[in-house]
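A short worksheet on the structure shown next.
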Amino acid sequence: MPSRKAGNSPVMRPFRALDRISEWSWLDNPAKTVRGAVSTMLPGRRLRDLLHGVWLGHPLHPMAVQAPIGAFLCAGLVDALPDAGPGERRVADSLTTVGVLASLPASLAGAADFVQTQPDQQRTGLVHATANSAALTSYLLSLRWRATGRRTAAVTAGWTGLALIAAGGVLGGHLSYHQANGANQAEDVRHIGPQEWTEVGNVHELPDGVPTRRMVGEVPVVILRNGEHTHVLADRCSHASGPLHQGTLSWPFGRGGAPCLECPWHGSVFRVSDGSVVHGPATATQPGFHTRVVGDRLHIRLR
Ligand code: FES
């Protein structure tokens, strides 16, 4: 019988179970229904950009959830005081109200992000949203019972909501840290991209007005020659690594304005001159490169 080496012993990974959620393909149909409903509810691009956090340069949802979580946690602690009097009860009631109200923008931001994620992320996202919706229902019941003097039922509903919020939070953390939803997928370019001038080819061989992919070391870049001007950005979209060289060139500021590149996966729009985000769901600037032409050779280095 082969001996088992210490390094081969099985390792317990309790959170491995969370990975399975992203494999539940039976969630795809409900996810599609929710996607359709959210798209109808949030029709305007400006509104969606606001909810994604384009204006912040950072995803809004993980910041917005701090307010309801804080309020609900404090309400639960005040409810747990053994000798709570009318004053403490009023504080707990107010904190619950604040939590419910603060849940609205947090939920809308999460819903906007949900629509533009990959299918495996949507499965986890759907379970995350279900836990949070159940929590919100518990808190609404808690508020109702607080108003009608059913203190024990109200407190129990509040604590149930808190437990559901915690479960939803674990799933949200898994979605962000394990499935990289909301992470800046182009951040590595700043670490492994060329710090020194590096040649990428003959500038005259680049088609005019057509995004073209080249490899620079280990970094794929998209080059756009626009007459005399050449712009270079990292090719993998900062939102979810979509291939920008397959994207569409557009002029959202008019024909005389800055040319932009629209990602083929979820439609983020980046200004080709500096990689800044014009429309989400991306919130992180696309890494860009300085360019120079020596003879007929195009050289680039990280901006
Ligand atoms: S990968 Fe989602 S917008 Fe580019």
Residue-normalised accessible area of segment 13-164, expressed per residue, 1.4 Å probe, Å² | 55 Å²
Segment 11-162, Cα convex hull volume normalised per residue, Å³ | 151 Å³
Could you pull out the trypsin sites (Lys or Arg not before Pro) across segment 181-277 that fall in loop regions by DSSP (anything but H, G, I, E, B) with no more than 10 other Cβ atoms inside 10 Å?
-> Arg255
Have a look at segment 189-302 and give its Rg and Dmax from the Cα atoms, expressed in angstrom.
-> 13.0, 39
Distance in nm between Ala80 and Thr40 label points, each 7 Å along Cα→Cβ, equals 4.2 nm
So, relative contact order of segment 190-303 in percent, Cα under 8 Å, 6 or more apart, is 27 percent
Dipole magnitude of the chain about its Cα centre (Cβ charges: Lys, Arg +1; Asp, Glu -1), debye to nearest 20 | 640 debye
With all protein chains present, segment 14-178 has a carbon and sulfur share of its accessible area (1.4 Å probe) in percent of 67 percent
GNM on the chain, C-alpha springs below 10 Å: top fluctuator among Ile192, Ile223, Ile69?
-> Ile192
Return the distance in nm (one decimal) between the two label points of a simple spin-label model at Ser25 and Glu205, each offset 7 Å from Cα along Cα→Cβ.
-> 4.2 nm
In nm², what is the average projected area of the convex hull enclosing the Cα atoms of segment 128-185?
-> 3.9 nm²
Degrees separating the helix 86-115 axis from the principal Cα axis of the chain, which is the longest one | 30 degrees
Principal-axis tilt of helix 28-41 within the chain, Cα atoms, nearest 10 degrees | 90 degrees
Carbon and sulfur together cover what percent of the accessible area of segment 189-302 at a 1.4 Å probe radius?
-> 46 percent
Total formal charge among the other residues, if their Cβ is under 14 angstrom from that of Arg146, Lys/Arg +1 and Asp/Glu -1 = +2
Please compute the net charge surrounding Pro59, taking Lys and Arg as +1 and Asp and Glu as -1 over other residues with Cβ under 14 Å from its Cβ.
-> -2
For Thr156 and Ile192, compute 0.36 nm times the residue count separating them, minus their Cα-Cα distance, and round to one decimal in nm.
-> 7.7 nm
Using only the alpha carbons of the chain, determine the length spanned along each of the three principal axes and report them from longest to shortest in whole angstroms.
-> 82, 70, 36
Measuring from its Cα centre, segment 18-125 shows a charge dipole (+1 at each Lys and Arg Cβ, -1 at each Asp and Glu Cβ) which, in debye to the nearest 20, is 460 debye
Among Val203, Leu261, Ile223, which residue has its Cα positioned farthest towards the positive end of the charge dipole of segment 189-302, with +1 placed on the Cβ of Lys and Arg, -1 on the Cβ of Asp and Glu, and the dipole taken about the Cα centre?
-> Leu261
Relative contact order for the chain using alpha-carbon pairs under 8 Å, separation at least 6, rounded to a whole percent?
-> 16 percent
When ligands, DNA and RNA are left out and all protein chains stay put, how many square angstrom of accessible area per residue does segment 189-302 have with a 1.4 Å probe?
-> 45 Å²
Positive-end residue of Gln118, Gly99, Asn132, charge dipole of segment 89-157 with Cβ unit charges | Gly99
So which GluC sites (Glu not before Pro) in segment 182-249 pass both tests, a DSSP loop state and at most 16 other Cβ atoms within 10 Å of the Cβ?
-> Glu187, Glu196, Glu218, Glu228
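The values are calculated or read from the model by the stated rules, or taken from the named source; none is laboratory data. Everything quoted here is computed from the prediction, not taken from an experiment. No Cβ is skipped: glycine too gets one built from the backbone with ideal geometry, and neighbour counts run over all protein chains shown. Surface accessibility is based on the protein's heavy atoms, side chains included, excluding ligands, DNA and RNA. Shrake-Rupley method; radii C 1.70, N 1.55, O 1.52, S 1.80 Å.
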